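*Asks:* Provided herewith is a single structure, encoded as C-alpha cells, for subsequent inquiry.
The values are calculated or read from the model by the stated rules, or taken from the named source; none is laboratory data. Here the structure is a predicted model, which is why all the values come from computation and not from measurement. Every residue, glycine as well, gets a Cβ built from its backbone with ideal geometry; the counts of neighbours run over all protein chains shown. Side chains included, ligands, DNA and RNA excluded: accessible areas come from the protein's heavy atoms. Shrake-Rupley method; radii C 1.70, N 1.55, O 1.52, S 1.80 Å.
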Amino acid sequence: MRKTENVSWVVYQMSLNGHPLGMNAVCEQSEWDAMELDRPGYHTLIRAGIANECEAEKLARGTSGDAKRRALR
C-alpha cells in the first residue's frame, strides 16, 4: 500500500453517454478535479472530502455485500 499524506477521497456516480449507470466509483480528489475540468457535470458527485479510502469504498458500496438479515421464526 502506498503512503499518502493529506489525500482526500471522492465518491461519485458514473455516467455513460450522459446517462447515470447506477454504479458508484471512488477516486482521489485530484483525479475528480481533473475529470470535472475535462467534462464538467458528466459524472455526479456523491460526496467529497472523505478522509480515507476505506470509508469512501464503504460509502460507494452502500449495502451491497452486507450480510442478509434472517427472519425470526
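*Asks:* Multiplying the sequence separation of GLN13 and CYS54 by 0.36 nm and subtracting their Cα-Cα distance, what value in nm do you get?
*Replies:* On the way: separation 41, 0.36 × 41 = 14.76 nm, distance 1.73 nm.
That pair, GLN13 and CYS54, stretches by 13.0 nm at full extension.
*Asks:* I've got another one for you. Placing unit charges on C-beta atoms (Lys and Arg positive, Asp and Glu negative, everything else neutral), compute the dipole magnitude of the chain about its Cα centre in debye, rounded to 20. Walk me through the intermediate numbers first.
*Replies:* Details: 10 positive and 10 negative charges, 153 e Å.
So the dipole magnitude of the chain works out to roughly 740 debye.
*Asks:* Still on this structure, please answer the following. Can you give the extra length, in nm with one decimal, that the chain gains between THR44 and MET23 once fully stretched, where that is 0.36 nm per residue apart less the Cα-Cα distance? Mind showing how you got there, number by number?
*Replies:* Numbers: separation 21, 0.36 × 21 = 7.56 nm, distance 1.06 nm.
Once the chain is fully extended between THR44 and MET23, it gains 6.5 nm.
*Asks:* Determine, for each peptide in 5-11, 49-55, 38-44, 16-22, the mean count of other beta carbons within 10 angstrom over its residues, then list the peptides with the highest first. Please list the in-between numbers first.
*Replies:* Details: 5-11: 15.4, 49-55: 13.0, 38-44: 11.4, 16-22: 8.9.
Output ranking for 5-11, 49-55, 38-44, 16-22: 5-11, 49-55, 38-44, 16-22.
*Asks:* Same structure again: What distance in nm lies between label points placed 7 Å from Cα along the C-beta direction at SER30 and ASN6?
*Replies:* 1.1 nm
*Asks:* Could you point to the label whose value was computed as P(r) over Cα pairs in 10 Å bins from 0, in percent for the structure here, given (i) 17, 36, 24, 14, 7, 1; (ii) 13, 22, 26, 17, 10, 6, 4, 2, 0; (iii) 18, 42, 25, 10, 4, 0?
*Replies:* Computed from these coordinates, P(r) over Cα pairs in 10 Å bins from 0, in percent corresponds to label (iii).
*Asks:* How large is the accessible surface per residue of the chain, computed with a 1.4 Å probe and reported in Å² as a whole number?
*Replies:* Details: 6070 Å² over 73 residues.
On a per-residue basis, 83 Å².
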